[in-house]
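Reviewing the structure listed below.
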Ligand code: HEM
């Protein structure tokens, strides 16, 4: 027998799912802003070692003397880490709820005998979940490689520019970046669109078309912009 409060419990759960979708959207968009800035900074590879390392040094000097050395960078790092954790927590909680509500099948999917769960694997469930896991692993590898200098297959260096040149002369390092960046662009293509939808921006057919185009353009811009440094270094166009 019910307690008489089921409707209230259901509406609180629905409201908190809306809040989780909004949290995913906002944290995702924060990370997109970081990616655009990071991609732009990486293009300083064309300014050579002095230009690139000068830019890396400048990032640590922003806000001085009001902030300590690297203070602004640490603020950005904390905001990014909090965004990543909130994004993963929301994604995992929503996935868990959707499985619990659909007896482990996942919502809104067509039945199919081709899949062992009896439902088709949807584009978003596969790309977003497994793509997200791949991107997470890539970021750990990438930070240990180009930021912390722990994974240095081409040799270690105190210069961020030299670390890049050392790494991107090795074909499998370049390939690993290309694969991760393609996964990232698929994730962004769907994620940017869904972030705006979660925030209630897709209110008409024209807006929906615009948001779809915006998501595609930003995902492609990030893909091409990030691919340039490893490819030009591998091709030997910058020394
Ligand atoms: C081919 C593409 C990329 C290149 C060439 C690149 C290059 C670099 C370099 C040189 C650093 C070290 C900067 C320094 O120590 O001053 C760095 C740090 C970092 N990169 Fe990338 N990056 C790429 C793609 C990405 C992507 C796709 C992401 C995220 C999905 C990302 C996230 C980060 C993070 C979180 C750091 C650590 C920043 C810190 O030290 O706090 N990067 N990257």
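At R0 = 45 Å, how high is the FRET efficiency between residue 57 and residue 102 if r is their beta carbon distance? Nearest 0.05 is fine.
With R0 = 45 Å, the Cβ-Cβ based efficiency is 0.30.
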> If you count, for each residue, the other Cβ atoms within 10 Å and average over each peptide, how do 194-206, 164-176 line up from highest to lowest?
Replying inline: 164-176, 194-206
> So, in nm, how far is label residue 81 from label residue 221 when the simple model puts each one 7 Å beyond its Cα toward the Cβ?
Replying inline: 2.9 nm
> Looking only at region 149-191, which residues have a backbone nitrogen under 19 Å from a spot 7 Å from the Cα of residue 64 in the C-beta direction?
Replying inline: 158-161
>> Taking 0.36 nm per residue of sequence separation and subtracting the Cα-Cα distance, how much length would be gained by fully extending the chain between residue 206 and residue 47, in nm to one decimal?
In response: 53.1 nm
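Coordinate-derived values only; no laboratory data. Nothing here was measured: the structure is a model prediction, and the numbers come from that model. As a convention, Cβ positions derive from the backbone with ideal geometry for all residues, glycine included, and neighbour counts pool all protein chains shown.
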